[in-house]
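Some notes on the structure that comes next.
The values are calculated or read from the model by the stated rules, or taken from the named source; none is laboratory data. Please read these numbers as outputs of a predicted model, since none were measured by experiment. Here the Cβ is made from the backbone with ideal geometry for all residues, glycine too, and neighbour counts use every protein chain on show.
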Amino acid sequence: MVKEKENKKILVLLDVHAILHRAYHALPDFVSKNGEPTGGLYGLSAMLIKIIRELKPDHIAACYDLPEPTFRHEAYKEYKKGRSKAEDDLIHQIKRSRDVFEAFGIPMYDKPGFEADDLLGTIAEKVKKQKDIKTIIASGDMDTLQLVDNDKVVVYTLKKGINDTIIYNEKAVEERFGFLPELLVDYKGLRGDPSDNIIGIAGIGEKTATTLLQKFGKLEDIYKKLKKDEEVFINAGIKPRMVNLLKEGEEEAFFSKTLATIKRDVPIEFSLPDKKWQESFESEKTDKLFAELDFRRLRERVRELVGGGGAQNSMERADLSIGGKINKEDLKKAQIALWLINSDTTNPELEDILEYTGKSTLEESVPILLDVVKKKRATKSVE
């Protein structure tokens, strides 16, 4: 990756809840032999392995949201009010995810009264002072894009499912939104953010908000110019109705901006470890945990990560592990069925199939998958 070219150490910060939440909704409802829900944990663990393989971090830290209200809830009781309550299975997996990071030897951070985003922002800000460190924030939440700082702090985020990822540096943010990362909070001040129930200014949409930021800069500058000369806005193509909305919604705009702004001064202790994460990693711990969770394929991936194995392809390894040759026609049926069940699972391998069904052979798995497909079709026809 860019690491060799820049000769910088890589710090990856994980936005745990955002990644786990995305994985939980993108993957099927995996259940271990013990009846434990594991779909979100599987996606989180797979994402962690993908991050290690692709980004080659020297240091990793995981940041958590806590269930208690934050300072934003105290300031605005309606904050995030529209969001549905987390399901019990998801809550269980959020708690259980700490075992994954403990097994990998990855430190975890949380702070009552603050969101994971605030911890990500604070750590990124602390580390920015060190010239030889590049920070990559891994998240499924676009709010973190406001933390992007040139190529020094970038965001590695999910585009779709848990496999399709993109890295946002300053240039990529500007290409997508039409303005710099630092103005994203001003954008939310004007337009609001329905996902967090941040109100913004009623009546101002994406287009007007973008135009205002491009022509006049941050909120403080917009209102300074507005109070000085309204005609400048009319001449810039802002309709008189929008100018009036701006004047009437000043308080809401600044309040919304405050709610949307990630804090960078949370009182937490953070320092980069002396050792790289790999040096304190004990593969036996992950092996034991993944065996408990029935993550057969992920156990193999971790072994490859540490031992550099992988001369045989995973299909052969799975085949040997069940002690016989596989029926290619059955395999094709199972692959198509699993894809129909979950379109994010493209080109599933035998291990994916066995993990989904909880069986040890392809022969046992095929009827289960075909039955799930049949039930899904029946449900759709009823709807």
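Please find, within segment 109-151, the residue that is farthest from ASN7 (Cα to Cα) out of those that are of a type in the set (Ser, Thr, Tyr) and assigned to a strand (DSSP E or B).
TYR109
Going through LEU245, LEU298 one at a time, which residue ends up being over 29 Å from GLU125 (Cβ atoms), out of contact with any helix residue (DSSP H, G or I) (no Cβ under 8 Å at 6 or more places or on another chain) and either touching a residue at least 40 places away in the same chain (Cβ under 8 Å) or assigned by TED's automatic domain parsing to the domain that holds ASP58 (or both)? Lay out the reasoning, then the answer.
Values: LEU298 fails: out of contact with any helix residue (DSSP H, G or I) (no Cβ under 8 Å at 6 or more places or on another chain).
Criteria check complete, one pass: LEU245.
Six or more apart or on different chains, Cβ atoms under 6 Å: show the pairs whose first residue is in segment 344-359 and over 14 Å from ASP29 (Cα atoms) and not assigned by TED's automatic domain parsing to the domain that holds TYR42 and whose second is at pLDDT 75 or above and not small (Gly, Ala, Ser).
Note: pairs meeting the criteria are PRO348/GLN335; PRO348/LEU338; GLU351/ARG296; GLU351/ARG297.
Among the residues of segment 83-100, are any over 25 Å from ASP196 (Cα atoms), over 14 Å from the mean Cα position of the chain (by Cα) and free of Cβ contacts under 8 Å to residues at least 40 places away in the same chain? Break it down into steps so the answer makes sense when it comes.
Kept after step one, since they are over 25 Å from ASP196 (Cα atoms), are these residues of segment 83-100: 96, 98-100.
Retained after the next criterion (residues that are over 14 Å from the mean Cα position of the chain (by Cα)): 96, 98-100.
From the residues that got through so far, the ones that are free of Cβ contacts under 8 Å to residues at least 40 places away in the same chain too are 98.
Yes.
When you go through (1) at pLDDT below 95; (2) outside the structural domain of ILE123 (by TED's automatic domain parsing); (3) touching a Leu at 6+ places or on another chain (Cβ under 9 Å) one by one for ILE166, which number turns out not to apply?
ILE166 satisfies all of (1) at pLDDT below 95; (2) outside the structural domain of ILE123 (by TED's automatic domain parsing); (3) touching a Leu at 6+ places or on another chain (Cβ under 9 Å) except (2).
Picking from PHE233, PHE281, PHE254, which residue would you name as being assigned by TED's automatic domain parsing to the domain that holds ASN197, more than 30 Å from LYS77 (Cα to Cα), of a type in the set (Phe, Trp, Tyr) and out of contact with any strand residue (DSSP E or B) (no Cβ under 7 Å at 6 or more places or on another chain)?
Values: PHE281 fails: assigned by TED's automatic domain parsing to the domain that holds ASN197; PHE254 fails: more than 30 Å from LYS77 (Cα to Cα).
Exactly one of PHE233, PHE281, PHE254 is assigned by TED's automatic domain parsing to the domain that holds ASN197, more than 30 Å from LYS77 (Cα to Cα), of a type in the set (Phe, Trp, Tyr) and out of contact with any strand residue (DSSP E or B) (no Cβ under 7 Å at 6 or more places or on another chain), namely PHE233.
Of everything in segment 215-242, what is surrounded by 12 or more Cβ atoms within 10 Å (Cβ to Cβ) and assigned to a loop (DSSP other than H, G, I, E, B)? Give them in sequence order.
Within segment 215-242, GLY217, LYS218, GLU230, ALA236, ILE238 meet the criteria.
Filter segment 255-278 for residues that are in contact with a helix residue (DSSP H, G or I) (Cβ under 7 Å, 6 or more places away or on another chain) and part of a helix (DSSP H, G or I); which is nearest to ILE10 (Cα to Cα)?
This residue is ALA260.
Could you check segment 342-369 and list, in sequence order, the residues that are at pLDDT 85 or above and surrounded by fewer than 19 Cβ atoms within 10 Å (Cβ to Cβ)? Working first, answer last.
Looking only at segment 342-369, we keep the residues that are at pLDDT 85 or above, and these are 362-369.
Across segment 342-369, the qualifying residues are GLU363, GLU364, PRO367, ILE368.
Consider THR165 carefully, then state whether it is more than 20 Å from LEU259 (Cβ to Cβ), surrounded by 15 or more Cβ atoms within 10 Å (Cβ to Cβ) and polar (S, T, N, Q). Don't jump to the end; show me each part of the working.
Numbers: more than 20 Å from LEU259 (Cβ to Cβ): yes; surrounded by 15 or more Cβ atoms within 10 Å (Cβ to Cβ): yes; polar (S, T, N, Q): yes.
Here the answer is yes, as THR165 does meet what is asked.
With respect to LYS188, determine if the residue is under 19 Å from ASP117 (Cβ atoms), in the same structural domain as GLU250 (by TED's automatic domain parsing) and either basic (Lys, Arg) or touching a strand residue (DSSP E or B) at 6+ places or on another chain (Cβ under 7 Å) (or both). If you could, list the steps in order and put the result at the bottom.
Details: under 19 Å from ASP117 (Cβ atoms): yes; in the same structural domain as GLU250 (by TED's automatic domain parsing): yes; either basic (Lys, Arg) or touching a strand residue (DSSP E or B) at 6+ places or on another chain (Cβ under 7 Å) (or both): yes.
When the stated conditions are applied, LYS188 passes them.
Yes or no: segment 253-260 includes at least one residue that is over 25 Å from the mean Cα position of the chain (by Cα) and surrounded by fewer than 18 Cβ atoms within 10 Å (Cβ to Cβ). Walk me through it before giving the result.
Step one: list which residues in segment 253-260 are over 25 Å from the mean Cα position of the chain (by Cα), which gives 253-255.
With surrounded by fewer than 18 Cβ atoms within 10 Å (Cβ to Cβ) added as a condition, the list becomes 254-255.
So far as segment 253-260 goes, yes, one or more of its residues are over 25 Å from the mean Cα position of the chain (by Cα) and surrounded by fewer than 18 Cβ atoms within 10 Å (Cβ to Cβ).
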